[in-house]
Amino acid sequence: MRAGGWRVGQGDDKLSATVNGRNGDHDETRGWENSMIGRKRRTGALATSLIVLAMVALTGCGSDGRPLTTLDPRGQASTDIHKLVVPVFIVAGIVFVFVNLGVLFVAIKFRRKDEDEFPEQVHGNTKLELGWTILPAVIMAGIAVGTIATLFNIANEPDDIAQDFEVTVVGQQWWWSFEYDLGRDGTIDFVTASEMVIPTGTPVKITTTSRDVIHSFWIPALNGKKDAAPGRNHPFWLNADAPGRYLGQCTEFCGLSHGYMRMLVEARDQGDFEAWVANQMKPAAIPAASDEAARRGLEVFTGACTSCHQVQGVNSNDCTPITSASQYDVAKNTCWVGAQPYAGAAQVSGYAPDLTHLMSRYLFVGALYDLRGPTTGELNRAELEGWIRNPDDYKPMLPEATGDNKYGRGMPKVPLTEDQIDDLVAYLSTLK
Amino acid sequence: MAIVEREPLALTTGEPSNGSLEPLGVLARPSTKTGWRSWVSTVDHKKIGIMYGVTALFFFFVAGFEATLIRLQLAQPNGTVLSADLYNQVFTMHGVTMVFLVIMPMAAAFANYLLPLQVGARDVAFPRLNALSFWLFLFGGVFLNTSWVIGGGGPDCGWFCYAPNSGVVFSPTAGVDYYTLGLLITGVASSIGAINLIVTVLNLRAPGMSLFRMPVFTWMQLVVQMLLLFSLPVITVALFLLTFDRLFGANFFNVAQGADPLLWQHLFWIFGHPEVYILILPSFGIVSEVIPVFSRKPIYGYPFMVFSGIAIGFMGWGVWAHHMFASGIGPISVAAFSLATMFIAVPTGVKILNWMATMWGGRIRFTTAMLFAVGLVAMFTIGGLSGVTHSVAPADTQQTDTYYIVAHFHYVLFGGALLGLFSGMYFWWPKAFGHFLDEKLGKAHFWLMIIGFNLTFGPMHILGLQGMSRRIQTYQATDGLTFWNRVATFGVFVIAAGMLLFLYNIGSSYRSWKAAGRPNPGADPWDSRSLEWSIPSPTPEHNFDTIPTVRAADDFWHRKYGEDEHGRAVRIAATEDVVQKGDATGVHLPSPSYYPLVLAAGLPFIGYGLIFNLLLVIPGALLVLWGVYGWAYEPSTEPDDHHGDHGTAAAAHEEETSVG
């Protein structure tokens, strides 16, 4: 089953009340929309119906069932953007109605009724034309003021940005990894894939970068996009007003499976978040001797998977995780296909998701499929097995090395027996 | 290479000055005026213009087919019409084809055909270079499209082909090489064409045709050619760097070697943004011709129309980074480009209002050409307004790379550029071919296009704001995007129906004209204003019997109409009395040549050679050398070759001194 349970801002009002004061902003947004509705009543009939039609088309359907919508902001930055753009949409809507009604009016009123009719030969009117040169300039100047203010407001880190951790968001073909730096001391403490967890309310400092081509990190409900480019570190931040799961999509075309490169930001209450961090910091436990299937699975894992995947406590000695958040240093990462360090690795993906706490996540395969039921938390065994059996059925990739593409990108089809797959899944299930 | 209208000087030895009339003795000049030889060797700006138009129309159907595949794939979630790999190739080629092989050459068709006529010239300044432009464009376009069949698929990097995804590591098939080399070839074509048309407009204007008496279409084309002249070198550099990266292991975009991937983006968009105006301004020019004619009024505020066009062209250089608001450039750059982008909306707004003011108080006749022109005013406005919402940089970080952007630029390029080009086709068809396109079918074509266009691209605004990214090969059922995607897919079939109707119209209009005994539409079927309507339809090969002397803007109109005391137009002369007869003889015109074709034919070989086997470069280089030498040793004009004389060379000889 494809990932389906996610809704933008699953946090309802009860939950939001428990988080911080940013809900005030949220209410203001609603206030904006209310005053908009009030304004509509005062405009002309046709203009009203046209704008209403547009607004219904845009917002009226609501965000229900549209996890990626930009029209239902749930964070500080996205709310600021929304507040800026709604008046611009209204101004644009008025101009649209004015011009198109004007065209319609002219087309009807000045139709030629008789082939011998000739109008007055007006060549122009400098004052009038200067007027309608200045008018749009004035409108644009008004829009410019709000734009510049919001622009710098969002570009600057908020004062209350989280001091105790930051996250480096790394794009690679075709999934995202999130490297947590607790204490903001430049050391990566743990790495997750596809899902990023943040505490509700607090703005989180983010650095985007890439291991191969340019990607773009976009959680529509929380903030605009920020490209993740190789060799560059782009500062960014976001927060979520309420607990919830906020879906995102890579938005810079990044090759074959670009459309399948998604990610999720989950906002949890502070206590939940801290518990999650504490769990992520632990290495994976070796399965108990009594759990024979998982023990066999671990052997399959170390034999077939550890050349790309990491599980802290299993193969962290071979595959040193990334060590620097401020400047992503590919040379130090020796966890490549075939465990061959490759100096030019910034050009080639080969590094696969860290699976240490796989079962603490809900989505997998580029955040495209449910790993666990969104409400039940039950393992989606069929698709996990299917993915291991034949990854290409789930997501087109280029796992084979071809020419200059020395290591391939994506999950290869590993020749495993059905028993081995069962054992492997049993082992992966222990990675809570 | 300029038009020679006098005999070469006789040599003192008594020999003719250009003794070797058949240089290298290989490709004799054809003397026929019909048949395929007359087309492949032509240097006539009108024939070249028509060939540009036909080729662009062909590629339009190719790109339209690709668009249909895209829409079929996206008609439902998890579409299986195309694989992800093929989808990436198809959307790349759709964009590349529409921009470089449809709209640009279609605008070039109009520029080639009309610019010499509108400024009162016999041809462009460099007729053989003009032919070279066309053949380079044709071969470049064909070369690009052969990537489908030779070499493992089309380019898969998007029309913008961002590094490093376009590098050989991430795009190992030859597709991107076809992109770089194909665009380099068509880029040469456009550069040569730009120089040619600029020189034509600046140097070959008829007596009295001062710059501010030129038709607005000519003005807009002049701005476009200037933009081409200065923007193409930038993309050429970028394409060269990428070619060297891919084929010869250079490291211009290799991040591991310290390259900054944003270099490509800056280079691409410094070209790419002026390119947007290169695509739209010709259509602005076309509707600025069509609207006055069918409103029976002069263009409102001619100086404002001209200067706003120049302003758009000029400011177009200062807004490129608005394509990069999310790319990681700092807030100061974002602010600067955001402001610049807002203010480019001003001259564009002026144009819209001036077109409306032109119609205001007019006596409007809604021919198909006028419908398309008014359609542009209405539809482009929508694209312009969504453009304003992009200039709000923080909002753009939500909108960029979503279907909201796809909607925006289709309203600009389809609702603007293409509607304008169709308007121009219906308007100038009788001038070029001597018969009308059927108006009833034309109006049906218009309505199908408008309805289909809005059904296809209107919903994309909504899809984009609802979070649908562009360039994704599919979406999920749970994204809530299915309904509007279905509507958009339905719309594309309405557009397709409209285009098939247009094709049918071309055929049936020709047949019914032939069946009716080829009635002539007359020199001036629409009661028009500019010089091309003062000569017979179809345009005689020599254009003007005598080069007109121009006394005002809209000179031809003022020959027909004066004004009464209320400022209303009153006829002062019958049209038949002020139009030329087209029967001049002995007009000395540039002679046809095969060498532009030969030269251009060499370049695809060099392209294939660079991709597959350097040995192929040899025949390519030989063809180029042959073309260059043959061209250099061939006089631009055969002294005995007269045009439009309908008679013997002797008769032509007598007439010669009286012309030019």
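The values are calculated or read from the model by the stated rules, or taken from the named source; none is laboratory data. This one's a predicted model, so the numbers in the text were calculated from it and none came from an experiment. Glycine also receives a Cβ, built like all others from the backbone with ideal geometry; neighbour counts cover every protein chain displayed.
When region B:416-470 is filtered for residues that are outside any helix (DSSP H, G or I), of a type in the set (S, T, N, Q) and either in contact (Cβ under 8 Å) with a residue 60 or more places away in the chain or under 12 Å from B:Ala369 (Cα atoms) (or both), only B:Ser469 remains.
Within region A:96-141, the set of residues being assigned to a loop (DSSP other than H, G, I, E, B) and more than 7 Å from chain B (Cβ to nearest Cβ) comprises A:Lys113, A:Asp114, A:Glu115, A:Asp116, A:Asn125.
Considering every residue within region B:511-533, establish whether at least one is outside any loop (DSSP other than H, G, I, E, B), surrounded by fewer than 23 Cβ atoms within 10 Å (Cβ to Cβ), small (Gly, Ala, Ser) and out of contact with any Phe, Trp or Tyr (no Cβ under 8 Å at 6 or more places or on another chain).
Checked against the condition, which is being outside any loop (DSSP other than H, G, I, E, B), surrounded by fewer than 23 Cβ atoms within 10 Å (Cβ to Cβ), small (Gly, Ala, Ser) and out of contact with any Phe, Trp or Tyr (no Cβ under 8 Å at 6 or more places or on another chain), region B:511-533 yields at least one hit.
For the criterion of being closer than 22 Å to B:Trp526 by Cβ, within 14 Å of chain A (Cβ to nearest Cβ), surrounded by 23 or more Cβ atoms within 10 Å (Cβ to Cβ) and out of contact with any Asp or Glu (no Cβ under 7 Å at 6 or more places or on another chain), B:Phe446 passes. Only a single item in (1) under 26 Å from B:Arg363 (Cα atoms); (2) facing chain B (nearest Cβ under 9 Å) is not met by A:Ala92, and it is number (1). Taking the criterion of being assigned to a helix (DSSP H, G or I), more than 24 Å from the chain's Cα centre (by Cα) and either among the polar types (S, T, N, Q) or within 7 Å of another protein chain (Cβ to nearest Cβ) (or both), the residues of region B:356-368 that qualify are B:Met356, B:Thr358, B:Met359. Return yes or no: is B:Gly258 surrounded by fewer than 24 Cβ atoms within 10 Å (Cβ to Cβ) and farther than 23 Å from B:Ala326 by Cβ? Considered against the rule, which asks whether it is surrounded by fewer than 24 Cβ atoms within 10 Å (Cβ to Cβ) and farther than 23 Å from B:Ala326 by Cβ, B:Gly258 comes out as yes.
Given the residues A:Tyr328, A:Tyr351, A:Tyr342, which is the only one that is within 14 Å of chain B (Cβ to nearest Cβ), modelled with pLDDT under 90, surrounded by 22 or more Cβ atoms within 10 Å (Cβ to Cβ) and assigned to a loop (DSSP other than H, G, I, E, B)?
Being within 14 Å of chain B (Cβ to nearest Cβ), modelled with pLDDT under 90, surrounded by 22 or more Cβ atoms within 10 Å (Cβ to Cβ) and assigned to a loop (DSSP other than H, G, I, E, B) holds for just one of A:Tyr328, A:Tyr351, A:Tyr342, which is A:Tyr328.
Evaluating A:Ala149 against the criteria (1) more than 9 Å from chain B (Cβ to nearest Cβ); (2) among the small types (Gly, Ala, Ser); (3) in contact (Cβ under 8 Å) with a residue 12 or more places away in the chain leaves one unmet condition, (3). Among the residues of region A:265-286, those identified as at pLDDT 95 or above, exposed (fewer than 15 other Cβ atoms within 10 Å of the Cβ) and of a type in the set (A, V, I, L, M) are A:Ala275, A:Ala278.
When region B:88-113 is filtered for residues that are of a type in the set (S, T, N, Q) and more than 15 Å from the chain's Cα centre (by Cα), the ones remaining, listed by number, are B:Asn88, B:Gln89, B:Thr92. It is to be established whether one or more residues within region B:64-82 are over 19 Å from B:Ala131 (Cα atoms), at pLDDT 95 or above and charged (D, E, K, R). Within region B:64-82, one or more residues are over 19 Å from B:Ala131 (Cα atoms), at pLDDT 95 or above and charged (D, E, K, R). When the criteria are applied in full, B:Phe307 fails the requirement of being assigned to a helix (DSSP H, G or I) and in the same structural domain as B:Val99 (by TED's automatic domain parsing). Of the numbered criteria (1) touching a His at 6+ places or on another chain (Cβ under 9 Å); (2) at negative phi; (3) crowded, with 20+ Cβ neighbours inside 10 Å, the one B:Val350 fails is (1). Which of the residues belonging to region B:316-329 are surrounded by fewer than 20 Cβ atoms within 10 Å (Cβ to Cβ) and either within 8 Å of another protein chain (Cβ to nearest Cβ) or assigned to a helix (DSSP H, G or I) (or both)? Across region B:316-329, the qualifying residues are B:Trp317, B:Gly318.
Among B:Leu353, B:Leu385, B:Leu371, B:Leu339, which is at the interface with chain A (Cβ under 10 Å from one of its Cβ atoms), in a helix (DSSP H, G or I) and under 22 Å from the mean Cα position of the chain (by Cα)?
B:Leu371
Can you tell me which residues in region B:471-497 are of a type outside the set (A, V, I, L, M, F, W, C) and in a loop (DSSP other than H, G, I, E, B)? Selection gives B:Arg471, B:Gln473, B:Thr474, B:Tyr475, B:Gln476, B:Gly480.
Screening the candidates B:Ala496, B:Ala553 for the property of being modelled with pLDDT under 95 and not assigned by TED's automatic domain parsing to the domain that holds B:Leu211 yields one hit, B:Ala553.
A single entry from A:Thr207, A:Thr192, A:Thr202 fulfils the requirement of being within 24 Å of A:Pro412 (Cβ to Cβ) and surrounded by fewer than 24 Cβ atoms within 10 Å (Cβ to Cβ): A:Thr192.
Whenever a residue of region B:325-339 is in contact (Cβ under 8 Å) with a residue 60 or more places away in the chain, its partners that are buried (at least 16 other Cβ atoms within 10 Å of the Cβ) and in a helix (DSSP H, G or I), lying with C-beta atoms within less than 7 angstrom and at least six residues away or across chains, give the pairs B:Phe325/B:Val334; B:Phe325/B:Ala393; B:Phe325/B:Asp396; B:Phe325/B:Thr397; B:Ala326/B:Thr397; B:Ser327/B:Leu262; B:Ser327/B:Gln265; B:Ile329/B:Ala321.
The numbered conditions (1) in contact (Cβ under 8 Å) with a residue 12 or more places away in the chain; (2) in a helix (DSSP H, G or I); (3) closer than 26 Å to B:Met104 by Cα; (4) not small (Gly, Ala, Ser) are all true for B:Ile299 except (2). When region B:388-411 is filtered for residues that are at the interface with another protein chain (Cβ under 9 Å from one of its Cβ atoms), crowded, with 24+ Cβ neighbours inside 10 Å and of a type outside the set (A, V, I, L, M), the ones remaining, listed by number, are B:Ser391, B:Pro394, B:Asp396, B:Thr397, B:Gln398, B:Gln399, B:Thr400, B:Asp401, B:Thr402, B:Tyr404. May I ask you to list the residues in region B:139-163 that are surrounded by fewer than 24 Cβ atoms within 10 Å (Cβ to Cβ) and under 14 Å from B:Pro105 (Cβ atoms)? Hits for region B:139-163 are B:Phe139, B:Val142, B:Asn145.
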